[in-house]
Every structure is written in structure tokens, then in C-alpha cells.
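To start, the structure itself, in C-alpha cells.
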């Protein structure tokens, strides 16, 4: 009886997550061609949709293995963690849109990477993607932990998508330098053309279906660049078709 109740509870939670996810997708499409506050809402919907998709995946995982208490508990714990993160993202993006100053802290890059992997580590494993980390302890940046975590999450989700369905390797490196902290993400995915590279940081550029080598809605990378600009950082990209992509980030050290 208790197992049946657990299944029913998981089904109800999953239904709520899927309904919320669809609602946010609809809101994203409706807001895409607005400016000003509309763009802020579009970015918010984009970021929440990323997180809600991950929440749904973990909830489904728990639902599929209700007899494995340890596995289902871990999956639900991750669902709660991502849900809390979604609430923080909503608040911070709207504060940013309202022109409120961003609070910064001293953040260790390796710990920030662990936060992101807590959200997407399972997706990498099931998609045959190997993550190589060259990120020693003691490499620090000054910034907003949640927002910079979303930058990493967006870049890593893009890398994952570029390597599907075959899988591949994602290389993540971080180093302290005299000019700040350098972070590099390199994937072995499909790569991008020069034409796409020249516009990938433009909002909504990914909606152009004439760009077959870029799969996205054009908000994730725009969001990344904006957040890095706010942090007085920079982002550069290097890519060729069928030869993967490298993003290089420079942020103030701490």
C-alpha cells in the first residue's frame, strides 16, 4: 500500500512539473518578439525551462525505480535542489531587469562546477559524454554564484546537444592568471559555421530555421554574454563544422 501511495504521489508531482514546463514554453514563444521587459521575461522562461526539464528527468527517474529507495531518494533530492535554484533564477533575472546591482561573492570554480554537475551529470552519463576536468581547487572568481552557474549550465547543455546522438568529450579547464581567471569549455560536437559564429550572441538568432548548424532559440548564449558583461568578464568562441567548439571565458579573479 505504501509503495502504491508513493507511485501516486510521484505521478501527481510529475504531472505538475510537465504542466509547468509546457506553460513556460508557451510563455517563452509568446514573449520572444517583445523588447525591454519582454526580453527579460523571455530569458527568465528560457532559464526556468532548462531547469524544469532537468527536474522532470529526475522525477521520471524516481518514478521508474520506486523500489530502489536510495536511487529514488537521490533523484528526488536533486529535483528539490533544482527547484530551489529555479526560484533563485527567477528572482535574480528580474532584479537584473529592474537595474538592481548584482551581489557578488568569492566563488571557487571547482565548487561551482560541482553544482552544475549535480543538475546534469546523469544526462552526460546516459548520452555517452565524457567530462574531463582540469579545474584544481583554489581557482577563484568574484561574482554571483547562481548566475555564473547558469552560464556554465547553458554552455554545457549546448555542448551536450552538439554531441548528440553519438556522444563525445567535454573538456572543462580553469586557471588563475595575471589578468583574471580563465575558463575554457571544449566539446567534440558538430561545430558551427562562420556565419553562425558571427551572430550566436544575438537574441533570438537561433529561431532562424535557415541556420541548421545551430540548434537553439537564441537566448541561452545571449544570456551568458550579458551575465559575463555584468561581471566585467568576456567570452570568446572558436568553432568549425564537424570539429567541435571552444568557449573561452575571462572573469575577474578573487
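The values are calculated or read from the model by the stated rules, or taken from the named source; none is laboratory data. As the structure is a computational prediction, the values presented were derived from the model and not from experiment. Neighbour counts run over all protein chains shown; Cβ positions are idealised from the backbone, glycine included.
At-a-glance table
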{"quantity": "Residue in segment 52-60 that is over 23 Å from residue 220 (Cα atoms), surrounded by 13 or more Cβ atoms within 10 Å (Cβ to Cβ) and in contact with a helix residue (DSSP H, G or I) (Cβ under 7 Å, 6 or more places away or on another chain) present", "calculated": "yes"}
{"quantity": "For residue 132: the one exception among (1) surrounded by fewer than 16 Cβ atoms within 10 Å (Cβ to Cβ); (2) within 22 Å of residue 253 (Cα to Cα); (3) in contact with a strand residue (DSSP E or B) (Cβ under 8 Å, 6 or more places away or on another chain)", "calculated": "(2)"}
{"quantity": "Residue in segment 112-123 that is surrounded by fewer than 16 Cβ atoms within 10 Å (Cβ to Cβ) and over 16 Å from residue 51 (Cβ atoms) present", "calculated": "yes"}
{"quantity": "Criterion: assigned to a loop (DSSP other than H, G, I, E, B) and crowded, with 19+ Cβ neighbours inside 10 Å - qualifying residue of 253, 218", "calculated": "218"}
{"quantity": "Subset of segment 109-148 (residues that are modelled with pLDDT of 85 or more, more than 18 Å from residue 187 (Cβ to Cβ) and within 18 Å of the chain's Cα centre (by Cα))", "calculated": "109, 110, 111, 112, 114, 115, 143, 144, 145, 146, 147, 148"}
{"quantity": "Enumeration of residues in segment 164-192 that are part of a loop (DSSP other than H, G, I, E, B) and in contact with a strand residue (DSSP E or B) (Cβ under 8 Å, 6 or more places away or on another chain)", "calculated": "167, 179, 188, 189, 191, 192"}
{"quantity": "All positions within segment 96-127 that are free of Cβ contacts under 8 Å to residues at least 40 places away in the same chain, assigned to a loop (DSSP other than H, G, I, E, B) and more than 25 Å from residue 179 (Cα to Cα)", "calculated": "98, 99, 100"}
{"quantity": "Residue that is farthest from residue 109 (Cα to Cα) [pool: residues in segment 178-189 that are free of Cβ contacts under 8 Å to residues at least 60 places away in the same chain and surrounded by fewer than 22 Cβ atoms within 10 Å (Cβ to Cβ)]", "calculated": "188"}
{"quantity": "Given (1) in a helix (DSSP H, G or I); (2) in contact (Cβ under 8 Å) with a residue 40 or more places away in the chain; (3) buried (at least 19 other Cβ atoms within 10 Å of the Cβ), number of the condition residue 82 does not satisfy", "calculated": "(2)"}
